[in-house]
Amino acid sequence: MALGAHLGRAGAVMDLATLIQILDSTLRLATPLLLACLAGLFSERAGVFDIGLEGKMLIAAFAAGAAAAVTGSVWLGLIAGIGASLALSAVHGVASIGFRGNQLISGVAINFLAAGLTGLIGQRWFGLGGRTPQLPEGARFGPITLPFAETLAGVPVLGPVWAELISGHTLLVYVALAAVPASWWVLYRTRFGLRLRAVGENPAAVDTAGISVARLRFGAILIAGLLCGIAGAYLATGLVAGFVKDMTAGRGFIALAALVFAKWRPWQALGACLLFGLLEAVANRYQNIEIGDFIVPVQVMQAAPYVLTVVILAGFVGRAIPPRAGGEPYVKER
Amino acid sequence: MSRENHSGQPATAAPLPQVPAIELRGISKAFGPVQANRDIDLSVARGTIHGIVGENGAGKSTLMSILYGFYRADRGEILISGARAEIADSRAAIRAGIGMVFQHFKLVPNFTVLENVILGAEEGARLAPSLARARAELGRLARDYELEVDPDAVVETLSVGHQQRVEILKALYRQADILILDEPTGVLTPAEADHLFRILKGLARQGKTVILITHKLREIMEVTERVSVMRRGEMVATLTTAETSPEKIAELMVGRKVLLRVEKAPARPGAVALAAEGLQVVDPGGVERLRGVSFALRAGEILGIAGVAGNGQSELLEVLAGIRPAEGRLSIAGAPVALGGPGADGQARRAAGLAHVPEDRQNLGLIMDFAAWENVALGYHHAAEYQANALFMANGALRADTADKMARFDVRPPNPDLPARAFSGGNQQKIVVAREIDRAPKVLIVGQPTRGVDIGAIEFIHQRIVALRDAGSAILLVSVELDEILSLADRILVMFDGRIMGERAAGATDERDLGLMMAGVA
Amino acid sequence: MSARRPLPPLLDALVVPLASLVIAFAISGLVILAIGEDPVAAMKLMVEGALGSTYGWGYTLYYATNFMFTGLAVAVAFHAGLFNIGGEGQATLGGLGVALVCLMLPWPHWSVAFLAATVSAAAFGAAWAALPAWLQARRGSHIVITTIMFNFIAASLLNYLLSNVLRPAGSMDPASARFAEGLQLPRLGAVLEPLGIAFSDRTPANVTLFVAILAGVAVWALIWRTRIGYQIRAFGKSERAAVYAGISPVRVTIIAMLISGALAGMMAVNTVMGEAQRLLLNSVEGAGFIGIAVALMGRSHPAGVALAALLFGFLYQGGAELALWTKIPRELITVIQALVILFTGALDNMVRMPAEWLWARISGGRGR
Amino acid sequence: DLGGKFDKSFNEAAYEGAKRWAGETGGSYKEIEMQSEAQREQALRRLAESGANPVVMTGFAFGDVLNQVAPDFPGTKFAIIDMVVDQPNVRSVVFTEHEGSYLVGMMAAKASKTGTVGFIGGMDIPLIRRFGCGYAQGVKAVNPNAVIIQNMTGTTPAAWNDPVKGAELARSQKAQGADVIYAAAGGTGIGVLQAAADEGILSVGVDSNQNYMHPGKVLTSMLKRVDNAVYEAFKMGTDLQTGVQVMNLASGGVGYAMDDNNASLVSADMQAAVDAAAAEIIAGTRAVHDYMSDNSCPVN
Ligand SMILES: Nc1ncnc2c1ncn2[C@@H]1O[C@H](COP(=O)(O)OP(=O)(O)OP(=O)(O)O)[C@@H](O)[C@H]1O
Ligand SMILES: Nc1ncnc2c1ncn2[C@@H]1O[C@H](COP(=O)(O)OP(=O)(O)OP(=O)(O)O)[C@@H](O)[C@H]1O
Ligand SMILES: [Mg+2]
Ligand SMILES: [Mg+2]
């Protein structure tokens, strides 16, 4: 069939190398989603809706790109990215916890704020229309070669899988992966996690147990800020070399979708983000498909990840029940 | 937000016998325009059980919440064992040795019992040691106080009675010296309540102080040493229980004489209005909830269904009301009705002449954010008298009808525009009852009609149910209150484990007899 | 705290948002100052540019029309407890509906075409909301995800159609052909002239504005006066109570989303038939998302939605004027929008709390 | 255009042109970026009303609007880039992007060792297809057996500002064997060039000279002298010549970039072949098919 023939041009229909390339791409694409998704998880598990993931990532990407460009240090970039994201988290916290404002509105405002500020400050600062200068080598996260990558390279299957798929990513990819068990452990194995989950379900229970609801929620929101900060820094200093206006390109919303998909649980979040990453990677790789003489429009493949998401959601995932106290500011007296 | 004051308390110094465990002086608290507590003084002696009674909305819960640091008083001071205590938040209250079981439980529904118990009382940053210690401690408490609960059960799967135990365990786990219980028996069976009182008496003997809020005067008479009566935010009297009577307390509470027993003529049963045959329900978790329930309900009679909570009564009500699918056969006034699929919904049931006062008024029977008049249309939004034309509802007529119902059912305040959540529980219940009773339905099914409702309102609701019966309606009454069943029902069925254990005529049985059947001993 | 007293409704509805707006603009002024421009001049330019002439009003109202439709769409879904993030995609499809109607048939008069286009836009928008609604109702697939996904799918669909199907041969622009000359909707100037009101006819504001206002009234009546509206609100407040009342969750979910999608779709009449006169790749340009902010700030009430839409229309047009006559980058407008959303929508209590405290002082004597 | 002023290629080139004019002549100009489609007409009218002359706009999206506006301002001269608008007071500047793309396609094919090259466009729209088609013809002219992998970034406006996706597509193309990748995707291209440099393969920039971004790693850039077009329009001022001006190879409107940054990458042989082809195209002896002429591409 022509489909096979077409694919065949680039090698066997789906050989190991192709598979590794797609999975490798999956991992890179999933990383920012995963970090943002875990950020949302902490916030929403504590009962604070967060649709400002996109904005926090964006401002972090900008701050990381700008600081790295100015100082030449990727670490200062990372710190700046986290700092900027934390600042927006604090705004969200003040509005939705301190002043019991509407959490959705606050999130929307943060997205606007980030989009506006990055452009505005970027333009004033670098005069590049919101872009930051190209980052040189030391101002970016470089790939990390894991031990044995060289030694194992010759071993069939395992060698390439280890050397190309698992090894050779930037530090932040491993940070994101490590964040999954870490989040799980924090949420389910620590006092902080217990309280955090409780406050998202029934803040009154936490309050009457003598714990400050506001402080707990603020803590959760700041963790979300931290994670979004890393996600943004990864975009600007890990995946590419610098910030480009609006470069998050809707990833914060996809992360939100992944969070619902994962039913607000860390391991499932990993699964959902990898799935989204995989769908995009596959769509990237097989964008041009011919069936016989019919050339499948490129838009079909571009829409495919989203269509498949809906199909999977409808077919296998079922009802997702959000944390019960989510979205509601905690008020004792009205 | 000061926390520094508690260190100065003489927790170790043996208090003089005459120093009260708790003393409240001049406590006032307003919620916006509502003065919930006005200049309240209260003194509770150590090692005693002290009752607090009052109508719905009298301010009992507010007063106790202040003592527990959940609310802050506008004015007044709190003395614990004679020393002034600044109780800024619940943490301070817990440190001062106060534990509270709230009227509306403060549990995390999807947590296990153990997790709920240690929440806020963890040992260190890691959970595992806390959980282990709590497991051991819970075992000890369970032995000492007969408070068995499965520590690994998820709270939302427990019966309310067991959830209550978890709340008490929480307080005991924190080694509370002073235990406040806000309407603990509202959701308990008589047996469970007796059990609870045994525990409370034990605690008091150990020198702990107990404050008990309840609407049931029988309980006040049985377990308390002293009782305080509140009315409209004020403390009207504090009496020694042994020197008073239920009638006297009721009169102090309501400000008038109250009939504590229902006056009713013998029933005159007519044709079968509701017939159920072999009703079976398996819940989504695969548990059989109803195992072939059959009965017939006649016009002009009240059929009571007694049973310990969790034996299928709730499911039975939901099946009859059309909001839970089931197997079997059901007919209303001789006409078969669907038990599943299309035609099995609340709308179809109402069309067939069935009205339903649900057990859970706050989640099922009312929409708390809706105004009273909107709630009066709930389920009857199709009713012809509420339609202006094909397109619009007649909100004016609906409001007027609501005002009328509120006047006739003595809902206070009689303002149709207030949201449901602004009414006290008793008045919320009256709104539901008014809505369901006022249309003289062929069949009325009622679940726990007086749960948490003050005695004045209980009297009123009971009278209306009897009046409806006398007007020829068939009434199915589900209640965990044996008192209520015995005084209202003409005929009594007892449910156990999804089955009907037996039937008794109301005059030919008593609490002991029913209690045995309820325990599954036929 | 207890020393406060709730403000009377009228005061609450007027003073709090106004004071919040003042704060938002004060901080915006600081931002303008920080980038080295004159805040007073900039604000004056914005206000005069957007509200100082019928020309400015025309643009302000044109944008407000878009936001009213998308805001109402989100609001209706909110009443049913559903978060419809899919306004963007539904409006995209609405645009397709308008374009097909206008291009496929020879219309005798703009008014007939207008009617048909409105119906078609609503139908296409509703159709695009139907599947997410059905999946939510029947399969429990979270509407937030499915509507996000449908936005992307709509973009792909439109991209394909405009590049391959609807584009006139030889045109570089991925846009449909221009509609027939007579299909230009009457602009506000033309409509108001017979009434003796002089209004600039150089602006894209057109008769669709009246449809938007009608839609607002209709939504109000629907939500608070009709049976289905009652059911939507009951379901939105408490699903369990709705089931108790015999209200079908499936039916209500689907109906509410269809209405929501139809409203979002109708926005396209304004942009496609009222302004561009052809279908563009980017004819929705984010109005679907602005609709979320508008609905939230308007507290899901049509009157609130209309006011919030007007506010955003003002910001768009005022921002255009700024961009036109100053060197202030257009991102500043985004920042101002953010601050307005933040202070009027999320930080409203920052004003309300002290206001209630003050109110308690002032009205202290009269309390119970 | 909505893409933004500093996409490192198209819009930025226009800005550079305006700046150059202002710098040389001391003249002043106003510039506006659009936030909304409705602002196109608004901006044109307001600028014309304010006496600006000429009014220069970039992007095909202005075409339809200009057609409406131009007749209302007969005294004002307009220049539009990338679209033909048939009005007496309009100068339409169009570029033969297919010719320029053809040349860089030839260079890509010559530089490619694998025989596979890549093209990454922002969105599947006619303009980008014209780029892609010219490029493909150039590649095939050198190596008829070459494989050209074509990808588009997206279908929403984000497609022009998504360097992350651009980089990912570039990596995917590299994995399929591509060793030269041509990016015509606005800000997204920055990611393509970056990923190519990281992966040790070559890239081709677009519109402006992007060779400097990764010296020694960008094979060349397809130049589209929007800056010149804008500069000239401003320079002519009110005497702006109207009518269609085709900026092609012959007029230096399109071409490929050579500088110190890519000198080492372009062999004499490669340059000779490309220059010869350019000469043939200018002479009319070598035809480069324009996708827009019949909405199809002879090769792909
Ligand atoms: N959270 C609150 N916000 C506002 N007002 C409240 C709140 N809680 C109680 N109130 C007001 O305080 C008054 C006293 O309420 P409280 O809960 O103390 O009554 P109660 O005696 O416990 O009644 P019940 O017997 O029904 O439990 C009520 O009338 C009510 O208006
Ligand atoms: N948000 C509120 N606003 C005004 N009054 C309130 C509010 N919440 C509670 N109340 C008042 O508090 C009092 C008691 O409330 P509570 O929640 O304790 O209900 P309740 O009467 O005890 O109901 P139940 O019997 O179902 O437990 C009522 O009089 C009610 O008017
Ligand atoms: Mg109470
Ligand atoms: Mg009560």
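Summary of values
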{"read-out": "The protein assembly as shown: projected area of the alpha-carbon convex hull, averaged over directions, in nm²", "value": "60.5"}
{"read-out": "Residue among A:GLY107, D:PHE119, A:GLY250 farthest towards the positive dipole end of the protein assembly as shown, charges placed on Cβ", "value": "A:GLY107"}
{"read-out": "Three-way shape label, region D:213-300, alpha-carbon gyration tensor, a/c 1.5", "value": "oblate"}
{"read-out": "Residues in region C:3-24 reached by a label modelled at C:ARG361 [backbone nitrogen below 16 Å; 7 Å Cα→Cβ]", "value": "C:3-7"}
{"read-out": "Dipole in debye (nearest 20) - the protein assembly as shown, about Cα centre, beta carbon charges: Lys, Arg +1; Asp, Glu -1", "value": "2960"}
{"read-out": "Zero-based 5 Å bins, Cα pair distances in region B:353-396, whole percents", "value": "5, 20, 27, 21, 16, 9, 2"}
{"read-out": "Too-long pairs where the Cα-Cα distance tops 25 Å, listed order kept, from B:LYS442/C:LYS237; B:LYS170/B:LYS208; D:LYS19/D:LYS77; D:LYS140/D:LYS174; A:LYS56/C:LYS237", "value": "B:LYS442/C:LYS237; A:LYS56/C:LYS237"}
{"read-out": "Mean ellipticity per residue at 222 nm, deg cm²/dmol - from DSSP H runs of n ≥ 4 across chain B, formula -39500 (n - 2.57)", "value": "-9000 deg cm²/dmol"}
{"read-out": "Estimated Rh, region C:194-312: Kirkwood, alpha-carbon pairs, angstrom", "value": "16.2"}
{"read-out": "Cα-only radius of gyration and Dmax that characterise region B:22-254, units Å", "value": "17.4, 54"}
{"read-out": "Peptide-level mean, for A:189-202, of C-beta atoms on other protein chains within 10 Å", "value": "5"}
{"read-out": "Dipole moment magnitude, nearest 20 debye, chain B about Cα centre, only Lys, Arg, Asp, Glu C-beta charged", "value": "540"}
{"read-out": "For region A:9-315, radius of gyration divided by Kirkwood radius, i.e. Rg to Rh on alpha-carbons", "value": "1.00"}
{"read-out": "Taking D:PHE131, A:PHE126 and counting other C-beta atoms within 10 Å, the order from fewest to most", "value": "A:PHE126, D:PHE131"}
{"read-out": "Spacing of the two label points (7 Å from each Cα toward its C-beta) at C:LEU14 and C:ILE197, in nm", "value": "2.2"}
{"read-out": "Estimated FRET transfer efficiency (C:ARG225, C:LEU105; beta-carbon r; R0 45 Å; 0.05)", "value": "0.80"}
{"read-out": "Stretch gain in nm, segment A:ARG124-A:LYS332, where the contour uses 0.36 nm per residue and the Cα spacing is subtracted", "value": "70.3 nm"}
{"read-out": "Two-site FRET efficiency, B:GLU243 against B:GLU511, from Cβ-Cβ distance with R₀ of 22 Å, rounded to 0.05", "value": "0.25"}
{"read-out": "Computed label-point distance, nm, for sites B:ARG84 and B:ARG25 using a 7 Å Cα→Cβ extension", "value": "0.8"}
{"read-out": "Three-way shape call for region B:77-202 based on the alpha-carbon gyration tensor, with the a/c threshold at 1.5", "value": "oblate"}
{"read-out": "17 Å Cα-Cα reach of B:LYS248 towards lysines, excluding residues that sit fewer than 8 places from it in its own chain", "value": "B:LYS216, B:LYS257"}
{"read-out": "Listed residues A:PHE218, A:ALA303, A:TRP184: farthest to the positive end of the dipole of chain A (Cβ charges)", "value": "A:PHE218"}
{"read-out": "Sequence-distant residues sharing a close amide H with B:MET501 (under 5 Å, placed H)", "value": "B:VAL494, B:MET495, B:PHE496"}
{"read-out": "Cα principal axis extents for region B:147-301, largest first, Å", "value": "53, 49, 26"}
{"read-out": "Rounded FRET efficiency, nearest 0.05, which uses the C-beta distance separating D:ALA52 from D:GLU280 and R0 of 51 Å", "value": "0.75"}
{"read-out": "Hypothetical label at B:ARG126: residues of region A:171-202 whose amide nitrogen lies under 11 Å (7 Å Cα-Cβ projection)", "value": "A:190"}
{"read-out": "Paired Rg and Dmax values of region C:1-40, which use every Cα atom, in angstrom", "value": "15.1, 44"}
{"read-out": "Net charge dipole size for region A:9-315 [Lys, Arg +1 and Asp, Glu -1 on Cβ; Debye, nearest 20]", "value": "960"}
{"read-out": "Order by protection proxy (mean Cβ within 10 Å, highest first), peptides C:110-123, B:153-166", "value": "C:110-123, B:153-166"}
{"read-out": "Virtual spin-label span in nm between B:ASP417 and B:ASN363, 7 Å along Cα→Cβ", "value": "3.3"}
{"read-out": "Partner aspartates and glutamates for B:LYS405 [C-alpha distance under 18 Å; skip if fewer than 8 residues away on the same chain]", "value": "B:GLU374, B:GLU385, B:ASP417, B:GLU436, B:ASP438, B:GLU459"}
{"read-out": "Residue order, fewest to most beta carbons within 10 Å, for B:THR112, A:THR237, A:THR151", "value": "A:THR151, B:THR112, A:THR237"}
{"read-out": "Equivalent-ellipsoid semi-axes of region C:1-117, from the Cα gyration tensor, Å, largest first", "value": "38, 25, 15"}
{"read-out": "Rh by Kirkwood over Cα pairs, then Stokes-Einstein D for region B:313-358 at 1.567 mPa s and 4 °C, µm²/s", "value": "125"}
{"read-out": "Shape call, region A:23-139: gyration tensor on alpha carbons, a/c limit 1.5", "value": "oblate"}
{"read-out": "Percent of Cα pairs exceeding the 45 Å cut-off, where the set is chain B", "value": "17"}
{"read-out": "Shielding by partners - mean other protein chain Cβ count within 10 Å, residues of B:203-216", "value": "0"}
{"read-out": "Cysteines not pairable in the protein assembly as shown (beta carbon separation under 4.7 Å absent)", "value": "A:CYS37, A:CYS228, A:CYS273, C:CYS102"}
{"read-out": "Paired Rg and Dmax values of region B:442-516, which use every Cα atom, in angstrom", "value": "12.6, 34"}
{"read-out": "10 Å Cβ neighbours from other chains, averaged over peptide C:319-331", "value": "6"}
{"read-out": "Residue exposure sequence - C:TRP224, D:TRP21 - by fewest surrounding Cβ within 10 Å", "value": "C:TRP224, D:TRP21"}
{"read-out": "Semi-axis lengths (Å, descending) of the ellipsoid that matches the C-alpha gyration tensor of chain C", "value": "34, 29, 19"}
{"read-out": "Options D:MET258, B:GLY207, C:LEU72, ranked by Cα towards positive dipole end of the protein assembly as shown, top entry (Cβ charges)", "value": "B:GLY207"}
{"read-out": "Normalised convex hull volume, region B:368-440, alpha-carbon set, Å³ per residue", "value": "78"}
{"read-out": "Per-selection Kirkwood Rh - region A:216-327 (Cα, Å, 1 d.p.)", "value": "16.4"}
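Values in this text are rule-based calculations from the coordinates and carry no lab data. Note that the coordinates shown come from a computational prediction; the quantities given were computed from them, not determined experimentally. Here the Cβ is made from the backbone with ideal geometry for all residues, glycine too, and neighbour counts use every protein chain on show.
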